[in-house]
Amino acid sequence: MAPILKVRNLVTRFHTVDGVIHAVNGVSFDLEEGETLAFVGESGCGKTVTALSIVGLIPRPPGRVEEGEVILFDGERERDLLRLSEPELRHIRGGQIGFIFQDPMTSLNPVLSIGQQIAESLQEHLGMGAAEARRRAVELLDRVGIPDPQRRYNSYPHQFSGGMRQRAMIAIAIACRPRILIADEPTTALDVTVQAQIVELVQELRSELGMAVIWITHDLGIVAGLADRVQVMYGGLVVERAPVDALYETPLHPYTIGLLGALPRLDQAGAGRLANIEGTPPDLFAPPRCCPFAPRCACAFDRCWQEVPPLVEIVPRHEVACFFDVVTGRARNDG
Amino acid sequence: MQRYLLSRLLQSLAVIFGVFVLVFFMVRLTGDPASLMMPREASPEEVEAFRHAMGFDRPLIVQFLDFTSRAMVGDFGNSLHYRLPALPLILERLPATVELASVALLIAIVFAVPLGLIGGSRPGSVWDAVARAVGLFGQSIPNFWLALILILVFAVRLGWFPSFGRGGPESVVLPAIALGVFTMGQLVRLTRSAVLEIRSEDYIRTAYSKGLRSRVIYVRHILRNAAIPLVSVIGVQFGYMLGGSIYIETIFSWPGLGRLAADSIGVRDFPMVQAIAVFTSFVVVVLNLLTDLAYALIDPRIRYGE
Amino acid sequence: MASREAVLGLEARGIRYRSGRLARLLLRDRGGVFGLVVFILVVVAALFSPWLAPHGPLEQHLAFSKQPPAWSAGGSWEYPLGTDNLGRDILSRVIYGSRVSLTVGFFGVLIAGTIGLVVGLISGYVGGRVDGIIMGIVNVVLALPYLLFVVFIAAILGRSLLNVILIFGITDSPIFVRVTRGEVLRIRQSGYVEAAISLGASRWRIIFDHILPNLIGPLITLATFEMSGMIFYEAGLGFLGLSVPPSVPSWGNMLSNGRKYLVNAPWIATFPGLAILFTSLGMNLLGDWLRDVLDPRLRRAKK
């Protein structure tokens with residue numbers, strides 16, 4: 001599988017009056033064509049900031065991408081998105097990389113009609129005229145499952161229900177047939193039945209349009225039915241990465257294990273209380289030079305407090321950043 | 001939307017009623033409107049005759065009903081000074097005030113909105129500092145003093161503009177600037193803060209994520225949203241200018257309502273003062289109602305409320 | 001079940017600031033410092049006028065009438081800002097004029113604030129029809145063209161300091177009512193009150209411990225802005241000859257007088273106007289700073 005996106009050593013920080021926030025501290029990953037890669041982690045782990053950094057959507061006065069490369073592959077051509085000029089990057093946004101945001105109520109402009117918000121994307125990237133853009137927008141509304149799309153073209157966001165708004169957002173994101181779709185917790189603000197519909201819609205569109213999808217969530221439960229590979233993040237770093245089945249069957253990082261333990265599972269019915277991960281999230285103002293999870297880790301030993309564990313491939317395609325080998329119950333002796 | 005407009009209409013009617021009550025009692029604040037309106041040298045018999053002629057000796061309720069019912073058909077009584085019906089005198093002066101207020105508002109908008117937009121879109125920059133300074137000064141300068149300074153510099157020393165009277169287009173410039181400076185300050189502040197706030201909204205992030213051009217985002221997305229509070233304030237400010245032009249018209253000898261009001265106060269022509277108060281309030285109320293209508297039309301959340 | 005300390009601690013954190021933080025905020029925002037300095041200067045000028053002014057405000061030195069400021073030809077440092085048509089020292093009159101402005105502003109706001117606080121508390125706390133009536137009146141008064149009515153009422157009542165204070169105090173109270181009521185409603189809805197009631201607090205306890213402390217911030221901020229406005233409107237009234245009697249030195253009176261001599265002796269009108277400008281500027285800046293500091297909801301990380 002050829003990679004469509006290669007991110008290397010991404011570092012993003014926010015310089016605020018209260019201090020510097022180290023949101024992303026060296027994240028690397030590949031996104032392969034047509035795959036769904038899930039970013040999983042709790043609030044503040046850097047998953048959203050990573051995604052926003054890729055397309056330069058980090059608010060610039062406080063935020064800055066300090067280091068790294070984001071290579072987008074386009075046939076023969078490869079381009080580092082972090083080094084593109086603003087007009088070139090603008091072209092990529094919406095045109096090649098589409099974004100779905102978490103809260104469709106606040107992510108849609110309240111004073112423009114839904115149709116207009118789709119059409120303007122078409123007009124900008126595909127150069128369509130007004131009438132053609134309108135026609136295509138109506139088709140898109142239909143495709144994402146919004147009933148009566150002709151009439152709904154002129155409706156405003158506040159006239160839609162939550163699930164419909166999210167569908168509209170999806171229509172906007174895929175309007176120009178992007179090669180990559182980044183979905184930032186698109187189902188978090190929706191109720192459970194609607195969640196399933198949205199997930200299904202995205203899956204359909206993915207295969208139809210041949211997109212690669214980055215799906216960001218804090219909910220490991222959704223990921224199972226959705227992703228090809230999963231990347232677990234903590235404290236601005238990737239702590240584990242594996243194909244989805246491998247992750248669920250043999251999680252290697254104590255944090256992942258904790259997350260899975262905190263997940264209600266059908267095969268554990270009545271097995272007592274859900275495991276909770278003790279402790280508080282890491283301090284992003286002053287990241288310590290050790291494993292970010294050490295303070296909360298039941299398996300931490302002295303090495304964990306001295307160095308940051310690198311992300312290492314233990315088994316083919318299964319990487320983990322941990323000095324402790326949960327399988328053997330002892331310190332890992334290689335690397 | 002209908003419900004919204006209906007409630008605003010009812011509120012406006014309440015305000016008009018409140019105006020009648022207030023104006024009615026204003027003149028009776030000292031207890032005896034007759035002695036208020038008569039010159040101080042008048043003998044008690046003259047005052048008594050006057051009181052009877054004006055009907056001030058009737059029960060208050062009767063007076064109030066009479067006052068209100070007459071006002072509603074446009075009979076605001078006669079001016080003591082001019083000995084003519086008040087309303088026609090007012091209407092005669094109205095166009096001058098409207099002209100002044102309109103030009104002032106125009107100047108304010110033309111300078112304030114672009115400045116606020118640029119300032120709000122580049123926080124921390126020179127333009128932002130300029131916008132904030134203009135906003136602050138605009139709201140702090142006493143406009144009657146500014147009028148004097150403008151006259152001193154531009155009319156007397158430089159001779160570019162006339163310092164009194166209403167004539168050709170150049171005669172409205174200085175008074176309009178003086179009248180509009182406060183509104184300009186308000187609008188700059190409002191635009192700037194609206195732009196700042198809207199910029200950080202999620203839907204603007206979405207707009208950027210779609211790869212739209214900066215200019216499109218600013219005009220179609222940001223400004224369109226900022227227009228909503230702006231329209232409200234512009235409407236209110238126009239009303240403020242119509243009612244608050246007393247100083248400016250006096251200084252520039254501008255033949256409008258404000259000048260008429262000031263003159264009437266000077267000669268203690270209180271029926272005239274009353275008439276102006278009612279009329280101006282009425283105009284302001286109608287203006288506010290129109291502003292509310294515009295507001296409802298611009299904001300689709302109100303226009304097509306769920 | 002919330003503990004008493006937890007409930008009270010919750011709000012206390014909202015209104016109590018470590019002094020270090022306050023100082024840091026003040027220094028960071030130079031506008032606030034400037035505003036505070038100006039305010040203090042004006043207060044000092046008003047309180048210590050007799051000691052600060054080189055001459056009495058009513059002293060006439062007819063031989064030196066209409067003398068330009070010290071730095072112009074024909075001026076002298078005896079009368080640093082020049083003299084007016086009756087030979088009165090402009091600087092001294094400007095200093096003394098601050099007394100009228102400050103008195104009107106301070107007492108006007110005091111009256112307006114007190115009325116507003118009481119009525120707003122009643123309106124917000126009692127609610128129901130009482131609230132409806134009060135807010136109806138408030139909205140009516142707020143919808144009227146303010147200047148017009150102030151001018152008319154002042155004309156009717158006659159020139160006196162007391163009248164001006166009363167007029168401003170009463171006509172400006174609706175905005176205080178509205179703000180107070182808004183805060184009371186917000187606090188009621190936020191759950192403090194319910195928690196306190198569930199702990200058995202009495203009504204007065206609730207008002208004093210919970211509601212009033214949260215009102216201080218917004219009301220002080222509002223008071224600062226309204227005071228600035230009152231100083232402006234007092235000057236305006238003075239300009240029309242409707243404020244204090246002409247014998248009392250006020251910035252508005254000086255402007256009104258100065259208008260007549262604008263062409264030949266512009267300094268008569270210029271300096272009182274500058275005084276109003278700077279006072280207004282300072283108070284607006286101070287109000288902005290207070291708003292940023294005292295309203296915890298609006299405090300964001302500034303870039």
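Partner chain Cβ atoms within 10 Å, averaged over the residues of C:95-106 - can you pull that number for me?
Per residue, the average neighbour count from other chains is 0.
Determine the calculated [θ] at 222 nm for chain B from helices alone, applying -39500 (n - 2.57) to every DSSP H run no shorter than 4 residues and normalising by the residue count; nearest 500 deg cm²/dmol.
Estimated from H runs of four or more residues: -24000 deg cm²/dmol.
Angle, helix C:267-294 long axis vs. longest principal axis of chain C, Cα atoms, 0 to 90°, nearest 10?
Long axis of C:267-294 versus the principal axis of chain C: about 10 degrees.
Residue by residue through segment B:146-162, what is 3J(HN,Hα) from phi via Karplus (6.51 cos²θ - 1.76 cosθ + 1.60, θ = phi - 60°)? Round to whole Hz and write x for glycine and proline.
Running phi through 6.51 cos²θ - 1.76 cosθ + 1.60 with θ = phi - 60° gives 4, 4, 4, 5, 4, 4, 4, 7, 8, 9, 7, 6, 9, x, 6, 10, x Hz.
Over the protein assembly as shown, how many percent of alpha carbon pairs lie in each 10 Å bin up to the one with the longest distance?
2, 9, 16, 19, 17, 14, 10, 7, 4, 1, 0, 0
Give me the percent of DSSP beta bridges within the protein assembly as shown that run antiparallel, rounded to the nearest 5.
Roughly 65 percent of the beta bridges in the protein assembly as shown run antiparallel, per DSSP.
Could you tell me the total accessible area buried at the C-B interface, probe 1.4 Å, in square angstrom to the nearest hundred?
Buried surface at the C/B interface: approximately 3700 Å².
Counting only other chains, and only Cβ atoms inside 10 Å, what mean value do you get across the residues of C:152-160?
5
Could you order the peptides A:68-81, C:177-190, B:67-80 from most to least packed, using the average number of other C-beta atoms within 10 Å per residue?
C:177-190, B:67-80, A:68-81
Can you list the DSSP H helices in chain A whose Cα atoms extend at least 15 Å along the helix axis and whose mean Kyte-Doolittle hydropathy is 0.0 or higher?
For chain A, where a helix must reach 15 Å along its axis and average at least 0.0, the hits are A:162-174, A:192-209.
If one takes the longest principal axis of the Cα atoms in chain B, at what angle in degrees, from 0 to 90 and to the nearest 10, does the Cα axis of helix B:2-26 lie?
For helix B:2-26, the angle is close to 40 degrees.
Just to confirm, what accessible area per residue do you get for segment C:33-101 at 1.4 Å probe, in whole Å²?
The answer is 49 Å² per residue.
For the ranges C:61-70, B:270-279, A:135-144, what's the packing order if you count other beta-carbon atoms within 10 Å of each residue, average per peptide, and put the highest first?
In decreasing order of mean packing, C:61-70, B:270-279, A:135-144 become B:270-279, A:135-144, C:61-70.
Normalised by the number of residues in segment B:111-164, what is the relative contact order in percent for Cα pairs under 8 Å and 6+ residues apart?
18 percent
Determine the dipole magnitude for segment C:56-144: charges of +1 sit on the beta-carbon of Lys and Arg, -1 on that of Asp and Glu, nothing else is charged, the reference point is the Cα centre, and the result goes in debye to the nearest 20.
Taking the Cα centre of segment C:56-144 as origin, the dipole is about 160 debye.
For segment C:185-244, give the magnitude of the charge dipole about the Cα centre (Cβ charges: +1 Lys/Arg, -1 Asp/Glu; no others), in debye to the nearest 20.
So the magnitude is around 260 debye.
Tell me the net charge near C:ASP84. Cut-off is 15 Å between Cβ atoms, C:ASP84 excluded, with +1 for each Lys or Arg and -1 for each Asp or Glu.
With Lys, Arg at +1 and Asp, Glu at -1, the net is +2.
In the protein assembly as shown, what percent of the accessible surface is made up of carbon and sulfur (1.4 Å probe, ligands and nucleic acids excluded)?
Here carbon and sulfur together make up 61 percent of the probe-accessible area.
From the phi of every residue in segment C:162-177, what ³J(HN,Hα) in whole Hz does the Karplus formula 6.51 cos²θ - 1.76 cosθ + 1.60 yield, where θ is phi - 60° and glycine or proline is x?
Working through the residues one at a time gives 4, 4, 4, 4, 4, 4, 5, x, 7, 6, 8, 5, x, 5, 5, 4 Hz.
Show the residues, 5+ positions off or on another chain, whose built amide H is closer than 5 Å to the amide H of A:VAL238.
A:SER28
For n ≥ 4 DSSP H runs only, could you compute -39500 (n - 2.57) per run for chain C, divide by its residues and tell me the 222 nm figure to the nearest 500?
Only helices count here, giving -23000 deg cm²/dmol.
By average Cβ neighbour count within 10 Å, what is the ranking of A:230-240, C:125-135 from highest down?
Per-residue mean Cβ counts within 10 Å order the peptides as A:230-240, C:125-135.
Sequence gap at least 6, Cα distance under 8 Å: using those rules, report the relative contact order of chain C to the nearest whole percent.
Value for chain C: 24 percent.
Taking only DSSP H segments of four or more residues, each worth -39500 (n - 2.57), what value at 222 nm results for chain A once the sum is divided by all its residues, to the nearest 500 deg cm²/dmol?
The per-residue figure over chain A is -8500 deg cm²/dmol.
Once phi is turned into θ = phi - 60°, what whole-Hz ³J(HN,Hα) does the Karplus curve with 6.51, -1.76 and 1.60 give for every residue of segment B:229-245, x standing for Gly and Pro?
3J(HN,Hα) across segment B:229-245, in whole Hz: x, 4, 4, 4, 5, 4, x, 5, 5, 4, x, 4, 5, 5, x, x, 8.
Relative contact order, percent, of chain B when contacts are C-alpha pairs under 8 Å separated by at least 6 residues?
Computed value for chain B: 26 percent relative contact order.
For A:107-118, what's the mean count of beta carbons from other chains sitting within 10 Å of each residue's beta carbon?
5
The values are calculated or read from the model by the stated rules, or taken from the named source; none is laboratory data. Predicted model only: the values in this text are computed from it and were never measured. Here Cβ is always computed from backbone atoms with ideal geometry, including for glycine, and neighbour counts include all displayed protein chains. Calculation scope for accessible area: heavy atoms of the full protein, side chains included, ligands and nucleic acids excluded. Shrake-Rupley method; radii C 1.70, N 1.55, O 1.52, S 1.80 Å.
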